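The values are calculated or read from the model by the stated rules, or taken from the named source; none is laboratory data. These figures come from a predicted structure and were not determined experimentally. Cβ: placed from backbone, ideal geometry, glycine included. Neighbour counts: every protein chain shown.
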Amino acid sequence: MEPLHAPWRIEYILAPKPALEQSLFTTIAQSSDDEANYVVARDKTCYALLNKYPYTGGHLMVVPYKQTHDLNGLTEEEMADLMKLTRRCQNALTKVMRPDGFNLGVNLGKCAGAGIAEHLHIHIVPRWSGDTNFMPVLASTTVVPQALSELAAKIRAALAQ
């Protein structure tokens, strides 16, 4: 596999990782600057945002407002809302980006690949025929063809319909 450079990721790699009292997702949930945080939707118990450091275009995450490390920390209503927003986001990505398929996933625990293990979130990763398998999302880099702010605006518009 040939390496494909993703220079925007160095900001994340080199940034100091301070110990926080709350997760990054809780901080974003409490912020009112949805554009700067690439938040594309807010519902009663959860919200959705673009991954700021994606490995592939359109990589969204759906996050409960409640900080919990696994599904057992959510109520039935929160679980239902999480899945409903996941479905809405998948539909918006279909409309905006026309992928051939999706990977949906939850990584529970650092050993399972969770970058923010203390705060459950669902990944929605659009896929296209010929872009290989899920491994580039986990282990390599692919081309992100569109600016995040531009894509976020298109997804917000699709979700608003």
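Contact list please: Cβ distance under 6 Å, first residue in the range 109-130 and more than 26 Å from Asn91 (Cβ to Cβ), second residue part of a helix (DSSP H, G or I), pairs at least six apart or on different chains.
So the pair list comes out as Ala117/Lys110.
I'm checking my understanding of the structure. Among residues of the range 136-161 that are touching a Ser or Thr at 6+ places or on another chain (Cβ under 7 Å) and of a type in the set (Val, Ile, Thr), which one is modelled with the lowest pLDDT?
Val137
Run down Asn91, Asn133, Asn107 and say which single residue is farther than 26 Å from Thr27 by Cβ and either surrounded by 16 or more Cβ atoms within 10 Å (Cβ to Cβ) or modelled with pLDDT of 90 or more (or both).
On the way: Asn133 fails: either surrounded by 16 or more Cβ atoms within 10 Å (Cβ to Cβ) or modelled with pLDDT of 90 or more (or both); Asn107 fails: farther than 26 Å from Thr27 by Cβ.
None of the others qualify; the one that does is Asn91.
It is to be established whether one or more residues within the range 73-87 are of a type in the set (D, E, K, R), outside any strand (DSSP E or B), within 21 Å of Thr27 (Cβ to Cβ) and at pLDDT 95 or above.
Yes, because at least one residue in the range 73-87 is of a type in the set (D, E, K, R), outside any strand (DSSP E or B), within 21 Å of Thr27 (Cβ to Cβ) and at pLDDT 95 or above.
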